[in-house]
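What follows is a set of notes on a single structure, which appears directly below.
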Amino acid sequence: AQTVTQSQPEMSVQEAETVTLSCTYDTSENNYYLFWYKQPPSRQMILVIRQEAYKQQNATENRFSVNFQKAAKSFSLKISDSQLGDTAMYFCAFTPLGGNEKLTFGTGTRLTIIP
Amino acid sequence: EAQVTQNPRYLITVTGKKLTVTCSQNMNHEYMSWYRQDPGLGLRQIYYSMNVEVTDKGDVPEGYKVSRKEKRNFPLILESPSPNQTSLYFCASSLYPGRFVTGELFFGEGSRLTVL
């Protein structure tokens, strides 16, 4: 069974600074996807970024980037130039390729951006 | 606008009173799923459906039922709700089951259910 671990329940950072959220996972699969989802106070689940395990290059989306270390089974999210709108709960999630598309989620990190 | 719509968004009910949370998507997605979100536990899958008339259990199916009679709808049924089913529920859909073409699940806005 796959597990996803987010060891930082809460984090806070000053506006405009850079913050890194950590995520580790455990799986015996070789091909899979990893995701970071953002859940603002509105409760909507918003996809921030995804990474295909077969791609060595780290994914980036504007101010969001990941550090994917397949051998270490680590998938951290870096938010650069943080903004007040980044305040949210962030979930790391995993799904094996060709599975039933079930996402296995971590327990989340509550990120607060301080003005 | 492409979306997944859940109703009701908020509901307070009492133990044992049957309720249904509806879910509808307008993207012609084959795959639909229900998750519940609880503090400290993240989101956990309740049931999923790969296509019409095809449903299967997720990680926490006890106390829930689902049906998939039409492609666009995937209601979640609580036949006899109990307080431990107080949670935030999400419906989600994606295009192709097992192929994960878009690599993305589209989520509804969530339904906050309280069982007294």
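A compact table of results
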| quantity | calculated |
| --- | --- |
| Convex hull (Cα only) mean projected area of region A:1-93, reported in nm² to one decimal | 6.1 nm² |
| Amide H contacts under 5 Å for residue B:59, placed H, 5+ residues apart | B:45, B:46 |
| Size of the protein assembly as shown as Cα extents on the principal axes (Å, biggest first) | 49, 38, 35 |
| Part-to-part distance (alpha-carbon centres) for region A:38-76 and region B:39-55, which is given in Å | 22 Å |
| Test item: Cα-centred dipole of chain A, Lys/Arg +1 and Asp/Glu -1 on Cβ, debye | 180 debye |
| Furthest towards positive pole of dipole, B:110, A:25, B:19, structure part the protein assembly as shown, Cβ charges | B:19 |
| Value of D in µm² per second that Stokes-Einstein yields for region A:47-115, Kirkwood Rh from Cα pairs, at 10 °C (1.306 mPa s) | 118 µm²/s |
| Vicinal HN-Hα couplings computed from phi for region B:45-59 (Karplus, 6.51 cos²θ - 1.76 cosθ + 1.60; Hz; Gly/Pro x) | 7, 9, 9, 9, 9, 7, 5, 4, 6, 10, 10, 8, 6, x, 7 |
| Whole-Hz ³J(HN,Hα) from phi, Karplus 6.51 cos²θ - 1.76 cosθ + 1.60, for region A:27-40, glycine and proline x | 7, 9, 6, 9, 10, 6, 10, 10, 9, 10, 10, 10, 10, x |
| Charge dipole (debye, nearest 20) of the protein assembly as shown; +1 at Cβ of Lys and Arg, -1 at Cβ of Asp and Glu | 440 debye |
| Amide H within-cut-off set for residue A:48, under 5 Å, with H built and near neighbours excluded | A:36, A:37, A:38 |
| Charge tally in the Cβ shell below 14 Å around residue B:57, where Lys, Arg are +1 and Asp, Glu are -1, residue B:57 excluded | +2 |
| Area buried, chain A against chain B - accessible surface, total, 1.4 angstrom probe, square angstrom | 2100 Å² |
| Volume per residue that the Cα convex hull of chain B spans, once the total is divided by residue count, Å³ | 96 Å³ |
| Phi to ³J(HN,Hα) by Karplus 6.51 cos²θ - 1.76 cosθ + 1.60 over region A:63-75, Hz, x for Gly, Pro | 7, 9, 9, 10, 10, 9, 10, 5, 5, 8, 6, 10, 8 |
| Amide H contacts under 5 Å for residue A:89, placed H, 5+ residues apart | A:39, A:111 |
| Pairs of Lys in the protein assembly as shown closer than 17 Å at Cα, counting only those 8 or more apart or on different chains | 9 |
| Listed peptides B:56-67, B:105-116, A:81-92 by packing density, highest first (mean Cβ within 10 Å) | B:105-116, A:81-92, B:56-67 |
| Under 9 Å, Cβ to Cβ, from residue A:19 - net charge with Lys/Arg +1 and Asp/Glu -1 | -1 |
| Surface accessible to a 1.4 Å probe, per residue, for the residues of chain A, Å² | 47 Å² |
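The values are calculated or read from the model by the stated rules, or taken from the named source; none is laboratory data. Nothing here was measured: the structure is a model prediction, and the numbers come from that model. Positions of Cβ are backbone-derived with ideal geometry, glycine not excepted, and every protein chain shown enters the neighbour counts. Just the protein is used for accessible areas: all its heavy atoms, side chains included, with ligands, DNA and RNA removed. Shrake-Rupley method; radii C 1.70, N 1.55, O 1.52, S 1.80 Å.
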